[in-house]
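Data first, discussion second: the structure below is written as structure tokens.
The values are calculated or read from the model by the stated rules, or taken from the named source; none is laboratory data. It should be emphasised that the depicted structure is a prediction, and the values quoted were computed from it without experimental measurement. Here the Cβ is made from the backbone with ideal geometry for all residues, glycine too, and neighbour counts use every protein chain on show. Accessible surface is based on the protein model in full, side chains and every heavy atom, while ligands, DNA and RNA are left aside. Shrake-Rupley method; radii C 1.70, N 1.55, O 1.52, S 1.80 Å.
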Amino acid sequence: MSSKHVIIVIITHLFTKFLKTFLLLISFILHKADSGYNNNSIGTSIFQRPYHYDQIVSSLQKLPLEGSLSLSNNDAVASDFGNIYHFPPLAVFNPVSVSDISRAIKHVMELSEPGLKVAARGHGHSLQGQSQAEGGIVINMESLAEKTAAVVVVNNGEFVPYVDVSAGELWINILHETLKHGLAPKSWTDYLHLTVGGTLSNAGISGQAFRHGPQINNVFQLEVVTGKGEVVTCSETRNTELYYSVLGGLGQFGIITRARISLEAAPKMVKWIRMLYSEFSMFARDQEHLISLENTFDYIEGFVIINRTGILNNWRSSFNPRDPIQASQFISDGRTFYCLEVAKYFNPDESQFMNQIVENLLSELSYIPWTLFQSEVSYVQFLDRVHVSEKQLRSKGLWEVPHPWLNLLIPRTHIHHFAQEVFGNILKDTSNGPILIYPVNQTRWNRKTSLVTPEEDIFYLVAFLSSAMPLARGSESLEHILTQNKRILEFCTNAKLGVKQYLPHYTTQEEWKAHFGSKWEAFVQRKTAYDPLALLAPGQRIFQKALSTSC
């Protein structure tokens, strides 16, 4: 063989190796993209158009709808507050009437195209892609919202005020509208820039839940578009099964389009108090004592502070210490503390009476005396308190980051074991955001709804509200926080604590069956009745196929 031929063979061999390496690299990149891994997310997909894509798009464009249909530039709805899962839809629909939603769902049913699903999206505050529809249709519920809410006071032997609202309306707007009449909803979430339909599809929990139950317990009537496209009005006495199915139903049985919310007389002011505990046992005992009283605070929550310095100094801009000298000498470095946060509502002419009630309640508690801080703010300022933090974080570019939150409902009998392991071992060094913890009374909750809770009369909400810094490594990274969440869940399972997830996220139907437990069979029956093709809320990943083939 000549030297020329040898060179050609060598070049051919090197080119072949290079080509193989290049193809392997491309294959690896595509695999990573399909698996959904990048710097900021674990669930990203490259949408593959269905075989009948052109026919589907053409038929959607021909629908006689009042609203608009968007087939491009829909990146905003391929994400949510969690900023972890990113699934692009085929189209985004902006309805202006309930009939629009009904027609759209009926049309999707008629197309019977596998994989073409429908997701209702409110303000996009879901955490795990629950409001997304990969390759499907996202219905923008905020386009359905009305500019004003209809507030009605009914007196049928007793004072029963309520407000009729669009499910796409934000709770903060409802608050401002009802306050014009001296009224307000009874139960809230900590963050008010959420839609009515979104919170009622889950539960809607905050520090008032021990007394009034979650938001789903304070609804008189709903208007719902089922998975069959039927528009149904339901309540405790009318289409009862659908009413209880939809409340806390994770969007599986219908899209809530209107709601009639119970109201009460609204206070003007709030006495807002925070205090610290060094022992979890005393902290939990005092929380449980307060929620057991008839005449108690109107709001009761708590949070865990792990290895945080300058705790009290962070409160000074908004709260006043009862004992400034002692508070200034308080040292918190390297220790875990538990903060009890309470509030008492009042009107200005009731200030003296309110203060006496507060003093009596505080005298029964075992907090560290010089860590008591208090403030008086307006009712609106108190309820919208988280929005202030949101604006600060947005200004620093720290709002639209991954939020791998984990929300758990833990039976009272196991809360001490949970706290010892999680706050003492798993999270002993630091936390990546606020950790809420407070008890609620099961007796104030309606167990006919789809919401799943522990069996005990008293259980705790524990919410790990973590944020992952963009491009961060180590303890601030998304991977680290997700691993930490997994450790917490594995501990709960192995220790058999009877924990239930709030805003649940599972990847298999077996996990969902375990979550719903004895309610699973009824859940499937309701799905069969109201959404037999499993068109709705695909982001929950509960039912992937039509019921005739999946269950």
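Counting only residues that are in contact with a Ser or Thr (Cβ under 9 Å, 6 or more places away or on another chain) and of a type in the set (A, V, I, L, M), which one in segment 498-523 is surrounded by the most Cβ atoms within 10 Å (Cβ to Cβ)? This residue is V499. Does R316 satisfy being open to solvent by 70 Å² or more (accessible area, probe 1.4 Å), assigned by the TED database to the domain that holds L461 and either in contact with a Cys (Cβ under 6 Å, 6 or more places away or on another chain) or closer than 30 Å to I458 by Cα (or both)? Considered against the rule, which asks whether it is open to solvent by 70 Å² or more (accessible area, probe 1.4 Å), assigned by the TED database to the domain that holds L461 and either in contact with a Cys (Cβ under 6 Å, 6 or more places away or on another chain) or closer than 30 Å to I458 by Cα (or both), R316 comes out as no. The helices (runs of 4 or more DSSP H) found wholly in segment 437-541 and carrying at least 2 residues that are over 21 Å from I216 (Cα atoms) and in contact with a Phe, Trp or Tyr (Cβ under 9 Å, 6 or more places away or on another chain) occupy 478-494, 509-516. Restricting the first member to segment 205-216 and to residues that are within 13 Å of T453 (Cα to Cα), and the second to residues that are of a type in the set (S, T, Y), the beta-carbon pairs closer than 8 Å and six or more apart or on different chains are I205/T189; I205/Y502; G213/S187; P214/S187.
Flag: R394 does not match the condition of being open to solvent by 80 Å² or more (accessible area, probe 1.4 Å) and touching a residue at least 60 places away in the same chain (Cβ under 8 Å).
Selection within segment 39-64: residues that are of a type in the set (A, V, I, L, M, F, W, C) and at pLDDT 80 or above. The member of this set that is most open to solvent (accessible area, probe 1.4 Å) is L63.
Is one or more of the residues making up segment 415-431 of a type outside the set (A, V, I, L, M, F, W, C), in a loop (DSSP other than H, G, I, E, B), modelled with pLDDT of 95 or more and not assigned by the TED database to the domain that holds L250? No, segment 415-431 contains no residue that is of a type outside the set (A, V, I, L, M, F, W, C), in a loop (DSSP other than H, G, I, E, B), modelled with pLDDT of 95 or more and not assigned by the TED database to the domain that holds L250.
Can you find a residue that is open to solvent by 50 Å² or more (accessible area, probe 1.4 Å), over 28 Å from V380 (Cα atoms) and of a type outside the set (G, A, S) anywhere in segment 283-298? Checked against the condition, which is being open to solvent by 50 Å² or more (accessible area, probe 1.4 Å), over 28 Å from V380 (Cα atoms) and of a type outside the set (G, A, S), segment 283-298 yields at least one hit. Scanning segment 508-551 for residues that are of a type in the set (S, T, Y) and touching a residue at least 60 places away in the same chain (Cβ under 8 Å) returns a single hit, Y530.
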